[in-house]
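Have a look at the structure below, then the notes.
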Amino acid sequence: MPHSRWLVPLLLAGALAAQARDMRSASVGMRARIDELVLPGGELEPAAVDHTTPIVVRLLATRPHGDRFRYDLEWYGLAPGRYDLARWLARKDGSAAADLPPIEVTVTSVLPPGELEPAAPAPGALPRLSGYSTLQIVAGVLWVVGLLAVLFVGRRWRRARAVATVQPTLADRLRPLVQAVATGAADDAGKAELERLLVAFWRAKLGLRTANADAAIVAIRAHAEAGALLRQVEAWLHRPEPPASFDVAALLAPYRSVSAADFEEVARVR
Amino acid sequence: MTVHEPAVTRFAETRAFLHDIRERVGKVVVGQDVVVERVLIALLTSGHLLLQGVPGLAKTLLVAAVGKTVDLAFARIQFTIDLLPSDIVGSEILDQKTHEFRTHKGPIFTNLLLADEINRAAPKVQSALLEAMQERRVTIGNHNYPLPAPFLVIATQNPVEQAGTFELPEAQLDRFMLLHRLQYLSPQEEKEVLRRNAALGVRRDGKGAVARTEFDVLGDQPVGSADKLVRAMEDVQQVHVSEAFLEHCVEITNRTRRHPKVELGCSPRAGIALVKASRARALIHGRDYVLPEDLFALAEDVILHRMRLGYEALAEGCTGQQVLQEILAESPR
């Protein structure tokens, strides 16, 4: 493209121009900059100042510009009014700088005329509750509500769930197992479970729940009713050749209608 | 024995043999019937036995008595902190005459080895013994030697003096089929011990005399040979194990893995040990089939050292015995 060779320098120049600042007005004490300021004559420097000087000028950068110099300068005013910055510039070689063009700036004041100090802030009315206190009260209310919910709603819900998932008692498990074994429908695992349940049944019935397992089974075997039953079940389940005339259904008949109360008989008596 | 021999007759012989052993051991060891039974179970199943008890409960005397009664080669190693693996398994030594290395077999080459206070030896010595227990072979130099058969290790450890001991980790405890915790004798049994001890007298030794000990009472004449023991071991294999009993064993070992207070449950090896030990116990009690009674009687010795309680259970002050009884009493699900 034939115009592209000019496009880049133009854009760069535009960017530089946009960057250059020319601040001719500022409020008291606020710094302002004037960049790329070309002034005739020899190189300049800030003139000497004292405590009465209303304007302070600093030269940030000085660059040759043909037979002149180009300056980036910073200034700030200490009293409101219109000033010529050229008055506070001097030649570095000590010659007069009378040929400088005026560099007019305006220092404004945000205070009303005649007022030198900012007015004291008028005391305003504080809100009744600050944000933090409000947050604390809201959090406290939520905590109390949550605690009450846990205590009352959660407990009711857990009770309802516990009722829904109530564990079957030993008696509940024993009855169908006895039925299955009596009808020949139980497998080896079922028969073994039946034996364990019968031992558990008699442990509860004879008050042997806290006894050691080995002592408990010896006591059960020594019991007239329980021992007879257990020995028959053992013979049926564990002998290499179970007795031929063994009527499982008749043996287990008393346990078909066993209830949870039967397991607690001894405990109630005690 | 041939397959035609009636099982009842054969078991009767074995029962008589076992009865004789118990009777002979009972002459020198008072009470401890359960311990004698556990030693016999270990003998009959080639399972190793760890006896745990305070000093003075006749652990060593008991094992020595069994060894002499059955005519088995018996060796005893007192485990100490400075024991080396080569002190147990043996080593190769240079023969000064032939200038060749000669194998010196250690005391482990025996039938019945008493490892006294096994927890006093360094872990590498414990490992050497436990490896031999598992493999039933030892390596000396570049050669591998089988251990004699039967080979049985009965180890003891004192649960009280723990300073300067190295507790056996669970994996090594698992090598012991049974860990039996010895209890103190009843007052009547203890009185009998004192009575017998008072009647021991002295033994003349050269020109002097020494007080006789219970070890002097041990008869040198065994009641049976190693052949009889092997025959009894074969009989154990004939003891019937029902499917229901296997179900019980699997259920119990699985409960140890599910129990909330147990951090480490039993391995399948525990189930195997339960069945093996129950068979031997059934034979000792004159049965050719196992019963849940055997399982309940042996559960503590087989299971307890194979499970580890969790931190919370220990913090609550639970003991392994309590948790095991909960497991055994737990209703089936």
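Read the figures in this text as sums done on the coordinates, not as results from a lab. Everything numeric in this text was worked out from a predicted model, so none of it was measured. Virtual Cβ from ideal backbone geometry, glycine too; neighbours counted across all protein chains shown.
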Report task. Evaluate segment A:13-108: find the radius of gyration of its Cα atoms, find its Kirkwood radius, and give the ratio Rg to Rh. Result -> 0.96
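Evaluate E = 1/(1 + (r/R0)^6) for B:Val34 and A:Val141, where r is the Cβ-Cβ distance and R0 equals 56 Å; express this FRET efficiency to the nearest 0.05.
Values: r = 67 Å, r/R0 = 1.20.
Calculated value: 0.25.
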Query raised in the report: Which of the listed residues, A:Ile55, A:Tyr71, A:Pro102, is farthest toward the dipole's positive end in segment A:13-108, when Lys, Arg count +1 and Asp, Glu count -1 at the beta-carbon?
Result: A:Ile55
Query raised in the report: What distance in nm separates the simple spin-label points at A:Thr106 and B:Ala75, each placed 7 Å from Cα in the Cβ direction?
Result: 11.5
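Using only C-alpha positions, report the orientation-averaged shadow area of the convex hull of chain B, nm², one decimal.
Working: hull surface 87.7 nm².
Mean orientational projected area (chain B, Cα hull): 21.9 nm².
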Report task. Considering the options B:Val223, B:Ala198, B:Leu246, tell which one lies farthest towards the positive end of the dipole of segment B:193-288, charges being +1 on Lys and Arg and -1 on Asp and Glu at the Cβ, about the Cα centre. Result -> B:Ala198
Requested in this report: Calculate the dipole size of chain B relative to its Cα centre from +1 charges on Lys and Arg beta carbons and -1 charges on Asp and Glu beta carbons; express the result in debye to the nearest 20.
Outcome: 540
Report task. Give, rounded to the nearest 20 debye, the magnitude of the charge dipole that the protein assembly as shown has about its Cα centre when Lys and Arg contribute +1 at Cβ and Asp and Glu contribute -1 at Cβ. Result -> 880
Report task. Using Cα centres only, tell me the gap between segment B:135-197 and segment A:40-107 in whole Å. Result -> 105
Report summary line: Put in order of increasing Cβ neighbours within 10 Å, starting from the fewest, A:Tyr255, B:Tyr145 give B:Tyr145, A:Tyr255
Report task. Pairs to check: B:Lys27/B:Lys59; B:Lys191/B:Lys228; B:Lys124/B:Lys261; A:Lys191/B:Lys261; B:Lys124/B:Lys276. Give those whose C-alpha atoms are more than 26 Å from each other in this structure. Result -> B:Lys191/B:Lys228; B:Lys124/B:Lys261; A:Lys191/B:Lys261; B:Lys124/B:Lys276
Requested in this report: Calculate, for A:Ala79 and A:Arg158, the FRET efficiency according to 1/(1 + (r/R0)^6) with r their C-beta to C-beta distance and R0 60 Å; round to the nearest 0.05.
Outcome: 0.15
Query raised in the report: Over the Cα atoms of the protein assembly as shown, how large are the radius of gyration and the largest Cα-Cα distance (Dmax), in Å?
Result: 48.8, 144
Requested in this report: Would you be so kind as to identify which of B:Ile108, B:Gln157, B:Val29 lies farthest towards the positive end of the dipole of the protein assembly as shown, taking Lys and Arg as +1 and Asp and Glu as -1 on Cβ and the Cα centre as origin?
Outcome: B:Val29
**Report entry** Within segment B:239-333: Cβ-based charge dipole about Cα centre, in debye rounded to nearest 20 (Lys, Arg +1; Asp, Glu -1)
**Finding:** 280
Report summary line: Quick calc: nm separation of the 7 Å Cα→Cβ label points for B:Ala198 and B:Arg231 -> 4.2
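Fewest Cβ neighbours within 10 Å first, please rank B:Lys105, B:Lys261, A:Lys191 accordingly.
On the way: B:Lys105 14, B:Lys261 17, A:Lys191 20.
Ascending Cβ contact count within 10 Å gives the list B:Lys105, B:Lys261, A:Lys191.
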